[in-house]
1. Residue check: is Val39 part of a helix (DSSP H, G or I), modelled with pLDDT of 80 or more and at negative phi?
2. Looking only at residues that are surrounded by fewer than 23 Cβ atoms within 10 Å (Cβ to Cβ) and of a type in the set (D, E, K, R) in the range 166-183, which one is farthest from the chain's Cα centre (by Cα)?
3. Taking the conditions exactly as written (surrounded by 16 or more Cβ atoms within 10 Å (Cβ to Cβ), free of Cβ contacts under 8 Å to residues at least 60 places away in the same chain and within 15 Å of Phe146 (Cβ to Cβ)), does Ser208 satisfy them or not?
4. From Thr134, Thr162, grab the single residue that is among the hydroxyl-bearing types (Ser, Thr, Tyr) and at pLDDT 95 or above.
5. In the range 235-262, which residue that is buried (at least 19 other Cβ atoms within 10 Å of the Cβ) and free of Cβ contacts under 8 Å to residues at least 40 places away in the same chain is farthest from Tyr203 (Cα to Cα)?
6. Would it be correct to say that Gly172 is modelled with pLDDT of 90 or more and within 25 Å of Trp253 (Cα to Cα)?
7. Where in the range 47-137 are there helices (runs of 4 or more DSSP H), lying wholly inside it, with at least 3 residues that are without any contact (Cβ under 8 Å) to a residue 40 or more places away in the chain?
Amino acid sequence: MTSTPTATVEPDGREPKRTEARTETGRRLRWWRELAYIVGLYLVYSWVRNRFGSSGTGAARIALDHAKDIIGAQDAVGLWFEPELQRWYLGLPARGLIRVWNIYYGTAHFVVTAGALIWLYRRQPDRYSLWRTTLAAMTLAALIGFATYSLMPPRLLDSTSTYGACFGQEPGCEGYRIVDTLAVDGGWLSFDDEKAAAVSNQYAAMPSMHTGWSTWSAAVLWGLVRRRWVRALVVAYPCATVFCILITGNHYWLDALGGLVAFAVGFGIARAVTTWNESRLQRRQSAAA
């Protein structure tokens, strides 16, 4: 069973606005403290993520070498299909409305993740601690990949932009023929904008946190909805996200696999932490009783 947010009754009989949730064990979840946790985590994540990768001498060459390793690994198992997949999709009428996918790429992982977290806090506080900690642990685990394995995304393999493999050379010098759809078709933002590029790590591709966060969102939302068609949409969300990151040239499929690994690691850590914390609270309550 799950509990719903609780509120005391004012002396005049009116029920105040619900500003906190309470679990079945009686532990209160204060919204302002949870908000501070999330904002603090994201600031740390952004700072560490952007500190490594696309700055420094030889960064582009290192990231390109790693990209060639990834491509070689995928090709070894016969699954280096990203160029063909993108060419097929962009060959559809109206280029498959690729601009919509670019906007989706830049916005959905923020909106859906935040919405799922807030909904979970309001409706199922007993599940909240586990999944909030999963989100935090998964995100921090991803930083290890960003800091230690800079990876040039497919969209930059033939790009002449500052961070592209063909900077200062002829376009398509590497011969992969992958289009940077953000630069060509536009979207929510373009990394060709120097201001955006300066505050973002262009080579933070492994693991794909779009995949990790969308999988987390699906796991959270699955327990919040009951109708079959809604659950079908929940399952479709991470699948659509993986499709998006491939056709827009932002990730390799191995990056998506890395995102799933980060999710699994985060969930394992969260289970251990949550179990320990709940046991500690139960012992405290027993002692008080």
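The values are calculated or read from the model by the stated rules, or taken from the named source; none is laboratory data. Only a predicted model underlies this, so the values are computations on that prediction, with no experimental measurement involved. As a convention, Cβ positions derive from the backbone with ideal geometry for all residues, glycine included, and neighbour counts pool all protein chains shown.
1. Considered against the rule, which asks whether it is part of a helix (DSSP H, G or I), modelled with pLDDT of 80 or more and at negative phi, Val39 comes out as yes.
2. Glu170
3. Yes; evaluated as a whole, the condition is true for this residue.
4. Of the residues listed, the single one that is among the hydroxyl-bearing types (Ser, Thr, Tyr) and at pLDDT 95 or above is Thr134.
5. Pro238
6. So Gly172 fails the test.
7. 59-76, 98-123
Every residue, every condition in (1) under 22 Å from Asn102 (Cα atoms); (2) part of a helix (DSSP H, G or I), yes or no:
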position: Gly249; (1), (2): yes, no
position: Gly259; (1), (2): yes, yes
position: Phe263; (1), (2): no, yes
position: Thr274; (1), (2): no, yes
position: Ser279; (1), (2): no, yes
position: Gln282; (1), (2): no, yes
position: Ser286; (1), (2): no, yes
